[in-house]
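Only one structure is covered here, and it is reproduced in the block below.
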Amino acid sequence: MQQSNSLLSVPAADTPIYVYVHSENICNRVLRLLPLRNDEPFHGLSSRFLFIGYAAHDYQLAPIYWPEEYREFSEPPHDIIRHIGFLASDNNFARSPVYEIEPGSSGFLEDVCPPFCGPSPQGLLCPIWVLERLNGIPFNPAQFPNGFLPPVPPISVGIPAWDAFGPFAQQSLSFSDMLLPLSMDFDNDRTVDLTVASTADDMFESALDDYDSSLFNNVITADGADLPHEELHWRLTLRDDSLDGNQKKSLRLALLTSPWGRPIKLAKYLYVGHILIGTPTNPFSMREAECRHLITTSLLKALHLNLKTYEEIREIPFVNSFGSEARVYWSQLRTRFLDHPIDFTSELRKVARGGTTPDAEFGDSTEQEAEIKLLIIDLMNSGDENMIREAICKLIVTQGFREILWAALYRPIADFPQGQARLADLYPEAIQTLTGYLGKGIVGVLVTLMYQSFIPSHAEKTNLKTLELYPRIMAALDVMYAHPHRFDTFFDAVLKLPHIREENVLSIDPKTRHARLIVDPITNLKRMKMMDDVRDIVVEPSHDELTVPYAQFRLPHSFKSVDIPQYYFTALPPA
């Protein structure tokens, strides 16, 4: 679910919020709450609350917060609330969902003509209202756009992490609750090696020339998509794997030359791309259904780009290691995706380490390099939003940030008849804002990755884990992207970064953490690339807002409609 963290306005005089309360004595209701304290509006409620969008109710728009443990009840087929559209701003094209919490309660919005429309997570065409054009309708902005967590006290050296973070850190989270591990302190936990992304900005679809108010009651199914093949439904446990080690090895080798090989490789990149640009609402605590949905959608998009359908490819046999024909099905392949982000993000952190050394002008010596990294760690752990912004501004201008951005999204990953594709080309709407800045979500995840790469293996376990730090980084970025004139150095950098090319980076090898080898133009001998070889980024004038700068590959428009509704991946309730 896409949502904005940047819709700012003057709160209405009467400022309620809406909260879902799950109780045996209350029949699944979204209740209106008038907070007694603005800094702790959920006093008396013990859950961790997620901001999911705005309620159109009682002739005003007010935020809805949902208990994290009951997140699935906000989606179909539960029908507790109904998604009717999105809310955006003229100053920021990120958007927040708008819901109707009682039948007919959103009727007052029918008098406001939406200038845009866009697809919902279920593939339905919905109106997009613009905040500045609400014609006086009261709007109460979300005070906690990144959700409401228990307050975190300042951390001092020597205090164990479980004491410093209080009861929140002691929550019981089983593997069945999450696809991605909660522990993101990779250097201190050798069993875990994974990082993911933040919230992505989305571009508006074409405006509706003649708005039809019937969109409220009869939303349109995008492209008239058929129901997905029954084998693509995925409601089982995460690692439902029936193959033994030898079978897995045989399958892996056979796939390289089979019709599945190319789509599977591309689908893995697409899945990682979803995570890097911030498709998940909270990529550090992704729910099972959300992960299954992203993985399967990535496969369908990869097949689409290769001009295949699942029905076609499942019928094509391949030759196994014994020389006989065999068929493979999605249920045997999908769990292979679960570890791919682990390997991919491990490489990105190695690139970050290689790009933050004196050879990359990150300090004049190894001692100064260590001092800068410790300063960044201290700023990030300060709990002060201004100091976190200072850390972000320091990182965004480094060569290390360019290296990790290039490795993550801009190096070529696939060849198509139209040209070489980069991950960035497959997500053009998330790469830059309408004003040309690098997407906020991408900045958030890469800054988080760099922070992780700075934590030494022998460090005390008092540094913030990414689950706690990530919302703070995004909150700091929300303010920066809402007020770009206050952060000139930062926005000078993020205006250039979408135009990055190979000539602007050292191309750090994650295995060696050194720059790649090039042929010296004078001696004609091989040597490592140096900073003297790196050129400044040249900003290309925009010719097409639907493509990334220097793109050779243009994404087909039909690519956007390749998706399956989320409820095909939600576990069925017990009989």
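Just so it is clear, none of the values below were taken in a lab; they were calculated from the coordinates. Remember, predicted model here, so these are calculated numbers, not experimental data. Quick reminder, even Gly has a Cβ in these numbers, built from the backbone with ideal geometry, and neighbours come from all protein chains shown.
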The answer for the per residue Cα convex hull volume of the range 431-547, in Å³, is 163
Taking 1 over the mean of 1/r across every pair of different Cα atoms in the range 320-376, what Kirkwood radius in Å do you get?
15.1
The range 261-390 - Debye-derived log10 I(q)/I(0), Cα point model, q = 0.13, 0.15 Å⁻¹
-0.75, -0.87
Around Ala55, with a cut-off of 11 angstrom between Cβ atoms, what is the net charge of the other residues, counting Lys and Arg +1 and Asp and Glu -1?
-1
Residue-count net charge about Leu395 - beta-carbon cut-off 13 Å; Lys, Arg +1, Asp, Glu -1:
+2
Determine the relative contact order of the range 243-400: mean sequence separation of Cα pairs under 8 Å and six or more apart, normalised by residue count, in whole percent.
19
Taking only the alpha-carbon positions of the range 247-312 and ignoring solvent, what does the Debye formula give for the base-10 log of I(q)/I(0) at q = 0.13, 0.14, 0.21 Å⁻¹?
-0.41, -0.48, -0.88
Got a sec to turn the phi values of the range 371-381 into Karplus ³J(HN,Hα) couplings, 6.51 cos²θ - 1.76 cosθ + 1.60 with θ = phi - 60°, whole Hz, x for Gly and Pro?
5, 5, 5, 5, 5, 4, 4, 5, 4, 5, 8
Just subtract the alpha-carbon distance of Ala370 and Ser324 from 0.36 nm times their residue separation and send over the number in nm, one decimal.
10.9 nm
Using the charge dipole of the range 331-450 (Lys, Arg: +1 at Cβ; Asp, Glu: -1 at Cβ; taken about the Cα centre), state which of Met380, Thr448, Ala421 has its Cα farthest towards the positive end.
Ala421
Residue-by-residue Karplus 3J(HN,Hα) for the range 504-511, coefficients 6.51, -1.76, 1.60, Hz, glycine and proline x:
9, 9, 7, 6, 4, 7, x, 6
Counted charge near Gly354, where neighbours are those whose Cβ lies closer than 14 Å (Asp, Glu -1; Lys, Arg +1):
+3
Note down the nm distance, to one decimal, between modelled labels 7 Å out along Cα→Cβ at Thr462 and at Glu503.
4.9
So, by mean Cβ neighbours within 10 angstrom, what's the order for 502-510, 420-428, 384-392 with the highest one leading?
420-428, 502-510, 384-392
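How long is the gain from His485 to Arg516 if the chain were fully straight, where each residue apart is worth 0.36 nm and the alpha carbon distance is subtracted?
Between His485 and Arg516, full extension yields 7.4 nm more.
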At 1.002 mPa s and 20 °C, Stokes D of the range 458-521 from Kirkwood alpha-carbon radius, µm² per second
137
So what J values fall out for the range 397-404 if you push phi through Karplus, 6.51 cos²θ - 1.76 cosθ + 1.60 with θ = phi - 60°, rounded to Hz, Gly and Pro as x?
9, 7, 5, x, 5, 4, 5, 6
Please report the relative contact order for the range 338-411, taking Cα pairs under 8 Å with a sequence separation of at least 6, and give it as a percent rounded to a whole number.
40
